[in-house]
Ligand SMILES: Cc1cc2nc3c(=O)[nH]c(=O)nc-3n(C[C@H](O)[C@H](O)[C@H](O)COP(=O)(O)OP(=O)(O)OC[C@H]3O[C@@H](n4cnc5c(N)ncnc54)[C@H](O)[C@@H]3O)c2cc1C
């Protein structure tokens, strides 16, 4: 992908059918569905693709066992179907993952088994494997570090797992290759409607500071937690409000959980579930759920959250990690659509997506989750087509193969703790709309999420490689290093 060519195409196009605000999972779902219906689509992302919540997921492709407990059967069924679509359309970035729930009370064990059997039934033809009861010995064989005292057994079930921002960038390549135009570092500033009812959309290119205007017949606002600000900025009435809820994760070595299986801790001290999931050679522990006011891109993981996650691990594992064993940590904001303003129990708010019309031709796609990004896009485009009175067009987004390089396919890793070789970095800098060292180390590769210290060890080398390929000078290099070190403080 080439930035100048994409921008040239955006500027020279006569008029787009759909303009999408936001290059996270939701916006990419809209753009994917729109190109699959042969609509002309332009997507602008203010920062880098996936910089928002989209890069901060637990990396699960799931129906949501938790949503089942809340009785949200429709949401679970929809997500289970989408889980299968991602696994088959992006096999290089996703896999089937076994989860084990250890239980210490026999009745609880049967309760989870019944719930997960229902999960199997709801997945229907998309099932990834049968849930089953495991004897205590089998649990200890599979999870040698789990606490054995009082352990009665475990439940094994299957879900999916993926790499969120690699999927993001491969979606961008796919959409652009199919005729769409997705561009990063370009913000939506506002619009006027001309006398033909067409939107004149004002954009700012943050790489060269240029402002320009493009035309579109409709707009879909997929700005995640920022969606309500966009609506207000446009002078439209927001018929919704977003309650941001912070979810944090810790990344630790595989010492506590050396198995290929993930663990679901079914009830933490605050009544939530907590996952410990193997990913790229490390384990991710998460997540918390805390209502917040500030909409930051990289919220702090507080000491309380760290202690909460570590102490819940201590309840279930021998040899749990301590604070000094944390390799990285990250936090993201759930874009939950509030049903009642001021309701602050975010774990009770529905994860189902909503499509809200703010004005003729202006739609907001809100809430949802990564697993259902394609269906969210499908629903938004379907809604838009009907509302605009356009002739119906079939969607083929469920058939689109999302292809791209497989990050871990070769050896010669750049660092013993980072599963990428140098060619992968070079390929990415040249082809994947990389503008900063952060794009390269946090989202094209997942170095910063996997191991912060190792990432800092390769930082200078990678800045040099990038500067050479992109012909950048010493000032650029110093500035990139400064910005990255500042960001890395949060991880
Ligand atoms: C802690 C946590 C764990 C999660 N784990 C999972 C999981 O395991 N599985 C799962 O399925 N889901 C998971 N989710 C949910 C999932 O990650 C989110 O639903 C999804 O990423 C939201 O994507 P989005 O595109 O709506 O928002 P975002 O990713 O935030 O994207 C919105 C984008 O809009 C851009 N934007 C804002 N203003 C403008 C503007 N003026 N112009 C242009 N662009 C603009 C922003 O820069 C941003 O990139 C998790 C969420 C959290 C918080």
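Quick notes
- Selected residue [part of a strand (DSSP E or B) and more than 14 Å from the ligand (Cβ to nearest atom)] from 6, 101: 101
- Segment 418-456 - residue that is outside any helix (DSSP H, G or I) and within 17 Å of the chain's Cα centre (by Cα) and, of those, nearest to residue 174 (Cα to Cα): 445
- Every condition in (1) more than 15 Å from the ligand (Cβ to nearest atom); (2) at pLDDT 95 or above; (3) surrounded by fewer than 23 Cβ atoms within 10 Å (Cβ to Cβ) holds for residue 207 except the one numbered (1).
- Check on residue 170, within 18 Å of residue 41 (Cβ to Cβ) and buried (at least 17 other Cβ atoms within 10 Å of the Cβ): yes
- Enumeration of residues in segment 250-306 that are under 20 Å from residue 419 (Cβ atoms), out of contact with any strand residue (DSSP E or B) (no Cβ under 6 Å at 6 or more places or on another chain) and within 12 Å of the ligand (Cβ to nearest atom): 279
- The single condition among (1) touching a helix residue (DSSP H, G or I) at 6+ places or on another chain (Cβ under 6 Å); (2) part of a helix (DSSP H, G or I); (3) crowded, with 19+ Cβ neighbours inside 10 Å that residue 139 does not meet is (1).
For (1) within 30 Å of residue 491 (Cα to Cα); (2) within 13 Å of the ligand (Cβ to nearest atom); (3) in contact with a strand residue (DSSP E or B) (Cβ under 6 Å, 6 or more places away or on another chain), each residue gets a yes or a no:
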| residue | (1), (2), (3) |
| --- | --- |
| 177 | no, no, no |
| 222 | yes, yes, yes |
| 231 | no, yes, yes |
| 241 | yes, no, no |
| 248 | yes, yes, yes |
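- Condition broken by residue 215, with the remaining ones in (1) out of contact with any helix residue (DSSP H, G or I) (no Cβ under 9 Å at 6 or more places or on another chain); (2) part of a strand (DSSP E or B); (3) within 16 Å of the ligand (Cβ to nearest atom); (4) in contact (Cβ under 8 Å) with a residue 60 or more places away in the chain satisfied: (3)
- For segment 152-175, filtered to residues that are in contact with a strand residue (DSSP E or B) (Cβ under 6 Å, 6 or more places away or on another chain) and outside any strand (DSSP E or B), the residue that is farthest from residue 125 (Cα to Cα) is 152.
- Residue within segment 104-125 that is within 16 Å of the ligand (Cβ to nearest atom) and under 24 Å from residue 283 (Cα atoms) present: no
- Where residue 71 falls short, out of the listed (1) farther than 26 Å from residue 95 by Cβ; (2) modelled with pLDDT of 95 or more: (2)
- Which listed residue, of 86, 73, 100, is touching a strand residue (DSSP E or B) at 6+ places or on another chain (Cβ under 6 Å) and outside the structural domain of residue 272 (by TED's automatic domain parsing): 86
- Residues (crowded, with 24+ Cβ neighbours inside 10 Å, more than 8 Å from the ligand (Cβ to nearest atom) and in a loop (DSSP other than H, G, I, E, B)) located in segment 17-68: 63
The values are calculated or read from the model by the stated rules, or taken from the named source; none is laboratory data. If you're wondering where the values come from, they're calculated on a predicted model, not measured in any experiment. Using ideal geometry, Cβ is built from the backbone for each residue, glycine included, and neighbour counts are taken over all protein chains shown.
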